[in-house]
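Rule-based calculations on the coordinates, nothing more; no lab input. Predicted model only: the values in this text are computed from it and were never measured. Here the Cβ is made from the backbone with ideal geometry for all residues, glycine too, and neighbour counts use every protein chain on show.
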Amino acid sequence: MSRKFSVVLVSLTLSLLAAEGGLRLWGPFGLEYIEMDTTLGWRYRSNASYKAWVISEAVCGWGSEGRINSRGLRDREYPYDKPPGTFRILALGDSFTAAVEHPVEQTWTKVLERRLNARQGRTAFEVINAGRGAAGTGYEYLWFDTEGYRYSPDLVILVVIGNDLTDNSRALVERERRSWLWDPFFAVREGRLVADTSFKDTWGFLLRRAVMPVRAHSELVRTMLAVRQLAAPGRVALTLQPSYAPAAELASAVETTKQLIRELRARVEARGARLVVFNGLPDYLWGLEDQPDTLMRELAAEDSGWFYRDLVAPLDRYTADTGRRAFGCSAMGDPHLGHWSREGHAEVARLIQQALADFRLLDGGEGPGSSAANVSRSGFQSARFNPREESPDPARR
C-alpha cells in the first residue's frame, strides 16, 4: 500500500513539475508581478518579470512582456537623483497610463519622451511612468507623497479616468466589486480628507497577501487562478452598461475626487513642481458622462491656477478623421470601450505635448502666479470649451 502511495505521489509530483516547467516556457500568464502593500494597497513588484494582457481586450491581440524596474515601476530604470540639465516629468495614472497591454516603448509616456527629446535644445527630457492598473486618485496621491517626490520632478501629469471616481469611493467599490477592498480610501469630512486604511484588516487583503508569494513563484498556481477568473460570468464585456448607485454616493465620490486632486496639487507645488491634469475618459460606469470634466471645471472656478485639458474630444475627432480607433479595437463595439490603442497612445502623446507647449511649461515655464502661468491659465477655458474641441458624436454627451 505504501509503495503504491509512493508511486502515486512521485507521479503527481513529476506531473506538477512538468506542468510548471511547460507553463514557464509557453504559458500565457507568467508569474505574478504585483505585491500587497499596507500603505498603497498593492503595487508592482520590483524586478518582477511579467506577461500581461487585459481579458476584455484579448480580441484585439494586445499584450506585452517585460520586467518591472527596481523601484516598482513599469518603465526603464530612473535614479531618484535627477541628472543635470534634465527636465523631469512624472506621469500618474491608472491602467491607461501603465498600459500593460502594450510594450513599454509604445505607451504615451515613452512616445512623449521621444517627441520632447527630438526637439532642438539643450534640455534633456525624462517622462517617468508611475501608472498602476486600477489606481484611483487616492493611490496616486499617496504614491507621490511617499515615493514620487523622491524623483524631484519639474512637472507632474495626472491622467484622470472616469472610473477613478469609483476607485475613490469605498461605497461604489463595494457596490461594484463587493469583496475587492485592497486599497486605502479617503472621505471628506468638514472639508478635509480623512483616510480609511481598514483595507489592511479585510479578509480579501490578508488572503491575497498570503497567496501572492506563491503566485510569484508558481506559474501553475497563477494560471489556475487566472482561468477561474476568465470563467467567471461577466468578465468580458463588449458593451458599456451603466450601473445604478444612489445620488448621495455618487456626489460623495465626486467631492472626494475633487479634494484628492486639490491635495495632490498642494503636495506637488510644495515640492517645487507643477501639476497638469488631463481627462482621459468619461465615467460611463455610473452614467456620469460629464465627469471628470465637470469637477475640473468646478476646481478651475475656485482657483485660476489650474492647468487642465480634455483629451476625449480630440481623440474622438482623431478617430473620425482617420478611421483609426483611439480606444480599443474594431472588435469591441462601442468607440469608447477599451484602453487606448497603440495609435491612441501616440495621439495622446502628441496632444499632451501640445498642451504643455500651450501652457508654456516645457522651456523653464513658470508656475502659477507668473506671467507665463497667467497665459496658461487663460488657456484652460480655450482648451476645454472651444467649440472645435467638442466630440463629433453628440450622443456621447
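Charge tally for Leu40 (other residues, Cβ to Cβ under 12 Å; Lys, Arg +1; Asp, Glu -1): -3. Exposure proxy ranking for Val194, Val188, based on other Cβ atoms within 10 angstrom of each Cβ and starting from the fewest, stands as Val194, Val188.
Dividing the alpha-carbon radius of gyration of the stretch 69-119 by 2.2 N^0.38 Å (N being the number of residues), what value is obtained?
1.19
Once C-alpha pairs closer than 8 Å and six or more residues apart are averaged by separation and normalised to the residue number of the stretch 305-352, the relative contact order reads 32 percent.
Annotation note: trypsin sites (Lys or Arg not before Pro) in the stretch 95-134 located in DSSP loop regions with a Cβ neighbour count of at most 13 within 10 Å are Arg119, Arg122.
What shape does the stretch 38-144 have by the C-alpha gyration tensor, where a ≥ b ≥ c are the square roots of the eigenvalues, rounded means a/c under 1.5, and otherwise prolate means a/b greater than b/c and oblate the rest? Walk me through the numbers on the way to the answer.
Numbers: a/c = 1.92, a/b = 1.34, b/c = 1.44.
Oblate shape, in that a/c is at least 1.5 and b/c is the bigger or equal ratio.
Here the simple spin-label model places points 7 Å from the Cα toward Cβ, and for Thr322 and Arg209 these points are separated by 4.5 nm.
Residues Cys329, Cys60, arranged from fewest to most other Cβ atoms within 10 angstrom of their Cβ, appear as Cys329, Cys60. Would you work out if the stretch 234-361 is rounded, prolate or oblate? Take a ≥ b ≥ c from the square roots of the eigenvalues of the alpha-carbon gyration tensor; rounded if a/c is under 1.5, else prolate when a/b is larger than b/c, oblate otherwise. Oblate, because a/c is 1.5 or more while a/b does not exceed b/c.
Using the number of other C-beta atoms within 10 angstrom as an exposure proxy, rank Val111, Val268 with the fewest first. Provide the component values of the computation, followed by the final result.
On the way: Val111 21, Val268 25.
Lowest to highest Cβ neighbour count: Val111, Val268.
Here's the list of aspartates and glutamates a cross-link from Lys51 could span, going by alpha-carbon distance under 13 Å and ignoring same-chain residues fewer than 8 apart: Glu32, Glu65, Glu101, Glu219.
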